[in-house]
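Values in this text are rule-based calculations from the coordinates and carry no lab data. Computed from a predicted model, the values in this text were never measured in an experiment. Glycine gets a Cβ as well: all are built from the backbone with ideal geometry, and neighbour counts include every protein chain shown.
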Amino acid sequence: MPYSEPLPPGGYPDIRWHVPPKRPSPARRKRDFLRHLLRWGSMSEAAARTGIDRRTAHRWRAEDEAFDQACRERLKWRRETILLAAMDRVRNPKTRPVLYRGRQIGHIGRANDRIVAALMWSAEIQGRAK
């Protein structure tokens, strides 16, 4: 090339080549999905955070028995965790002070046991269904 200058000895310092990141393997994506499923407890949320479609996760569950069992265990653990947290809220209700003319004259403790009943009912139905 008659009109080009030779390259500098260290190359061009201000030019950076863009190398696209590699896509994670299916095994890595399944592992990430299971991690997110344990953290968030929702198939849709875990799929979105993993970067896959929800239908892909359901297809993986249908095709792979070990993956399906891992998903069931994580969903069961998440449901039990929520139930234990709700039961703790019932046992130890949050209290707030009742003030009258700048002085505390009492307190009100509120516990929502309807959520516990709903969770127990859903856990019972889930247990029967699967």
- [ ] Rounded to whole Å and sorted largest first, list the principal axis extents of the Cα atoms in segment 1-100.
- [x] 88, 55, 20
TODO: Please give the peptides 103-110, 33-40 ranked by average Cβ packing (other Cβ atoms within 10 Å per residue), highest first, as a rough proxy for protection.
DONE: 33-40, 103-110
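Counting only other residues whose beta carbon sits under 13 Å from that of Lys22, what net charge do I get with K and R as +1, D and E as -1? List each step's numbers first, then the result.
On the way: positive: Arg23, Arg28, Arg29; negative: none.
In short, +3.
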- [ ] Provide the packing ranking of 85-95, 19-29, i.e. peptides ordered by the mean count of other C-beta atoms within 10 Å per residue, highest first.
- [x] 85-95, 19-29
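In a shell of Cβ-Cβ distance under 13 Å around Glu63, excluding Glu63 itself, what net charge do Lys and Arg (+1) and Asp and Glu (-1) give? Numbers along the way, then the final one.
Numbers: positive: Lys30, Arg55, Arg59, Arg61; negative: Asp64, Glu65, Asp68.
In short, +1.
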